[in-house]
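The values are calculated or read from the model by the stated rules, or taken from the named source; none is laboratory data. None of these values were measured; they are calculated from a predicted model. Cβ placement follows ideal geometry from the backbone for every residue including glycine, while neighbour counts extend to all protein chains displayed. For the accessible areas, the whole protein counts, side chains as well, though only heavy atoms, and no ligand, DNA or RNA atoms are used. Shrake-Rupley method; radii C 1.70, N 1.55, O 1.52, S 1.80 Å.
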Amino acid sequence: MASASVIEMKGLSKTYGSGEGATRALDNLTLNVNRGEIFGYLGPNGAGKTTTIRMLLDLIRPTAGAATIFGMDVREKSVDIHRRIGFMPGELSLWEGRTGNQIIHYVASVRGDTKGIVKQAAEIAARLQLDTSKRVRDLSSGNKRKLGLALAMMHAPELLILDEPTGGLDPLVQQTFHEMMDEYRDKGKTVFLSSHVLSEVQAICDRVGILRDGDLKAVESVERLTQVEFHTVEVRFRDAIPAGLPQQLDALPDISDLSANGARLSMRLVGDFDPLLRAIASGYVESLHIEEPTLEDIFLAFYSGGEED
Ligand code: ATP
């Protein structure tokens, strides 16, 4: 993967309104997205994801800071940039009375190379199982999103910016979308997508940025995030928890969140298993269940870390 940045954001901030009613939606965001990567922009509702994307597209202006795409300032060169990117907004507004085909033809003609683009759109629509002969007003919200995806991807842009792309798509179609993203990456193209679906980000992204209340809390490779640094362990004894064992485990520095339920003990373990295994050997262990943290657990750990700021 080439290291050149496709998107560069420096000190990007946005405050909506002014005075007492002002909302600070994004605070001093500095972030680069590299060529050839799928970057997941993750955060709960209201975190500032859409605000960031709208500034990248020059749909709204930052209060402070700047951003470039392909080395061009997003405010000065938005027309040039828009030619080379594909974009799907979180809230699609399409011509309700037109069919998918009509909209595809229109957008393709604006982009040039109508024939080639329309052919690609048809292929994408078929893969996503979208009927493009229907009028937009007769499409379900999931099918509208499929049309939005086809419109964003049909000219095979170098960079795709997608705001919550899979909202409302059924799991099979989501899977197809994930495959399409993998193919995109294989072609050396770049994707910046926002999501609040952790499993999706885990499945398709190379790196993830975690945003909360307009603040970028962390940027990590998904691989590193999912490198296990703690395990959730549940031990079930045949008869009962041996006397004194909870106190003994509590004293171990790598064990936390210990709880007992009947003959079961559960805990979070950081580091090696050996001290735990030696301690529990004083009883008859019926089963041992070890779980790796999901990205959600890690995400929540970031959250609780943030709460202590
Ligand atoms: P979601 O996942 O719900 O789409 P998001 O991460 O995309 O959320 P934004 O839509 O960027 O979040 O919103 C960030 C903050 O800015 C929120 O507090 C929101 O209420 C506020 N906000 C967004 N747009 C406006 C606007 N036009 N005027 C005033 N406040 C706004």
Y106: passes all of (1) within 16 Å of the ligand (Cβ to nearest atom); (2) open to solvent by 10 Å² or more (accessible area, probe 1.4 Å) but (1)
Just a yes or no: is a residue in the range 62-69 touching a Gly at 6+ places or on another chain (Cβ under 7 Å), part of a strand (DSSP E or B) and buried (at least 17 other Cβ atoms within 10 Å of the Cβ)?
yes
Residue check, G188 against (1) on the phi > 0 side of the Ramachandran plot; (2) in a helix (DSSP H, G or I), all met but one. Which one?
(2)
Output for Cβ contacts, cut-off 8 Å, separation at least six or different chains, first residue outside the structural domain of N101 (by TED's automatic domain parsing) in the range 112-123, second assigned to a helix (DSSP H, G or I), reads none
Looking at the range 192-224, which of the residues that are acidic (D, E) and assigned to a helix (DSSP H, G or I) is farthest from the ligand (Cβ to nearest atom)?
E223
The one condition in (1) under 26 Å from A150 (Cα atoms); (2) surrounded by 14 or more Cβ atoms within 10 Å (Cβ to Cβ) that W95 fails to fulfil:
(2)
State which residue pairs qualify: first residue part of a strand (DSSP E or B) and inside the range 39-60, second residue basic (K, R) and more than 6 Å from the ligand (Cβ to nearest atom) in any location, beta carbons under 6 Å apart, and separation of 6 or more residues or different chains.
F39/R207
Just one of T99, T51 is within 25 Å of G17 (Cβ to Cβ), touching a strand residue (DSSP E or B) at 6+ places or on another chain (Cβ under 9 Å) and not aliphatic (A, V, I, L, M); which is it?
T51
I'm checking my understanding of the structure. Among residues of the range 1-34 that are on the phi > 0 side of the Ramachandran plot and within 16 Å of the ligand (Cβ to nearest atom), which one is modelled with the lowest pLDDT?
G19
Report, by residue number, each residue of the range 262-292 that is under 36 Å from the mean Cα position of the chain (by Cα) and not charged (D, E, K, R).
L265, S266, M267, L269, V270, G271, F273, L276, S287, L288, H289, I290
